[in-house]
Amino acid sequence: MATARLAVDAALAVLRAESGSVTGQELIDQLKFLKMVIRQCEHDALHTIARLDREGEFAERGVRAAPAVSDLLRCRESESRRLVAVAASVFPTSLHGEPLEPRLPATAMALGGWEIDQAHAEVIERVLGSDPARRLDPGRWASAEVQLADWARIYRPDQLAGMARDWIEQLDQDGPAPDDPDELVNELHLAKSRTGGGGRIKGQLDASTFDVLARAIAASVKPAADENKSLGQRQADALGEICEHALDDGYLPAEGGERPHITTIIPWEWMQDQARGATLEFGGQTSAGELRRLMCEAKIIPVVLGGDSQPLDVGRERRCVTLAQRKAVAARDRGCAYPGCDRTPRWCQVHHIKMWAHHGESNIINLVMLCRTHHVMVHKSGWRIRMRGGHPEFIPPKWLDANQTPRRQPMRT
């Protein structure tokens with residue numbers, strides 16, 4: 001691969017030198033040729049993203065596809081989400097990682113023939129994923145995809161976007177089906193999973209309650225292209241984030257005379273060998289990484305069990321990060337400190353740079369504010385954080401940046 005890359009660099013250098021002496025039509029032809037080269041590179045980049053995701057390279061490094069692509073290519077995460085979505089549509093795979101037929105075959109053909117830009121493919125993927133397009137029958141949907149790919153060969157991406165949106169809405173003349181009246185019934189059932197921890201939720205809500213829940217989830221749910229997660233998975237993540245936020249801010253009523261909390265149950269033998277996880281109060285098992293994240297900004301009540309699972313000691317509640325400390329960290333970081341993240345302090349947690357479990361102190365110089373997504377990422381994917389000049393600096397893992405160049409969030413006003 002190194003030899004092939006050097007050959008490409010050398011060929012481009014020759015082309016660059018030769019183009020310095022051309023004029024007129026030859027110069028116009030050169031511009032068109034360079035555009036075709038860019039389209040080839042964009043096509044190959046999408047294929048590479050699809051392969052990295054399919055072959056588990058991102059998962060193996062403890063990161064999701066969209067944030068990893070954003071860091072690798074130094075692009076906005078919104079752009080990386082679009083790249084991952086288009087890659088999944090043009091180069092899809094089965095659950096076992098086997099290549100499948102493209103979901104957008106005409107678009108894939110136009111991309112592979114270097115006739116359209118990646119931006120055209122993003123427009124087509126977004127429009128055909130919209131609600132009006134999903135209401136089309138499969139035959140009309142497939143015909144629409146062929147037509148949009150043909151238009152992409154002629155029009156700019158911005159022109160294509162407007163034409164495609166209007167045309168899909170015309171095809172969906174009936175619009176959404178009217179909803180049946182909601183019954184005035186509210187039910188919610190929580191059931192623990194028999195294996196592996198976690199559980200299931202089942203319920204039925206009246207119109208107003210459902211609207212409140214749907215609005216709250218919609219405000220927190222990640223975009224559709226987020227790391228190839230289904231809508232159900234993204235909505236579940238959003239519900240968890242909403243509940244964590246409510247617990248953190250103390251909006252919920254007291255439970256037995258105190259705010260709701262999590263009790264972590266740690267067997268004595270695990271404590272002696274340094275715990276690699278824990279059992280939560282409702283019976284679920286958590287990994288070591290998730291336990292460390294929970295311990296960053298939590299009320300910790302240690303319950304130590306003996307060999308017969310009887311409590312040996314119940315420790316006194318200890319607040320790792322005080323409200324005053326949280327306010328000070330929020331004033332310094334102004335929200336999630338991860339470079340490029342715009343989450344406000346209201347939706348962030350406080351992370352110990354030197355972990356609390358490793359005797360890291362709960363003082364301002366050892367604390368940094370992170371949103372839930374980047375808090376999980378720091379614990380799982382090998383990022384390191386250090387303080388420099390009174391502000392946090394993020395050092396990427398070697399797989400992401402061989403030079404491990406430090407990154408900082410631009411100063412917020």
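Quick notes on this structure:
- Within segment 354-383, the set of residues being open to solvent by 50 Å² or more (accessible area, probe 1.4 Å) and under 21 Å from GLY56 (Cβ atoms) comprises LYS380 only.
- Those residues of segment 129-141 which are free of Cβ contacts under 8 Å to residues at least 40 places away in the same chain, open to solvent by less than 50 Å² (accessible area, probe 1.4 Å) and closer than 12 Å to ILE168 by Cα, in sequence order: SER130, ALA133, LEU136, TRP141
- Of all residues in segment 183-198, those that are under 21 Å from LEU213 (Cα atoms) and polar (S, T, N, Q) have Cβ atoms under 9 Å from Cβ atoms of residues that are at pLDDT 75 or above and surrounded by 11 or more Cβ atoms within 10 Å (Cβ to Cβ), 6 or more apart or on another chain, in ASN186/GLY203; ASN186/GLN204; ASN186/LEU205; ASN186/ASP206; ASN186/THR209.
- Near pairs, Cβ below 7 angstrom, 6+ apart or cross-chain, from segment 149-170 (under 18 Å from MET109 (Cα atoms) and open to solvent by 80 Å² or more (accessible area, probe 1.4 Å)) to any residue that is at pLDDT below 95 and aliphatic (A, V, I, L, M): ARG153/ALA110; ARG153/ILE116; TYR155/MET163
- Restricting segment 87-116 to residues that are under 22 Å from GLU55 (Cβ atoms) and touching a residue at least 60 places away in the same chain (Cβ under 8 Å) leaves a set whose member that is least open to solvent (accessible area, probe 1.4 Å) is LEU111.
- Residues (part of a loop (DSSP other than H, G, I, E, B), surrounded by 12 or more Cβ atoms within 10 Å (Cβ to Cβ) and at pLDDT below 80) located in segment 194-243: GLY197, GLY198, ASP206, VAL221, LYS222, PRO223, ALA224, ALA225, LYS229
- Residues of segment 340-375 classified as at pLDDT 85 or above and in contact with an Asp or Glu (Cβ under 6 Å, 6 or more places away or on another chain), total: 3
- Residues of segment 44-58 satisfying the condition of being surrounded by fewer than 20 Cβ atoms within 10 Å (Cβ to Cβ) and closer than 16 Å to GLN118 by Cβ: ASP44, ALA45, HIS47, THR48
The values are calculated or read from the model by the stated rules, or taken from the named source; none is laboratory data. These numbers were taken from a predicted model, which means no experiment stands behind them. In this analysis, Cβ positions are derived from the backbone assuming ideal geometry, glycine residues included, and neighbour counts consider all displayed protein chains. For the accessible areas, the whole protein counts, side chains as well, though only heavy atoms, and no ligand, DNA or RNA atoms are used. Shrake-Rupley method; radii C 1.70, N 1.55, O 1.52, S 1.80 Å.
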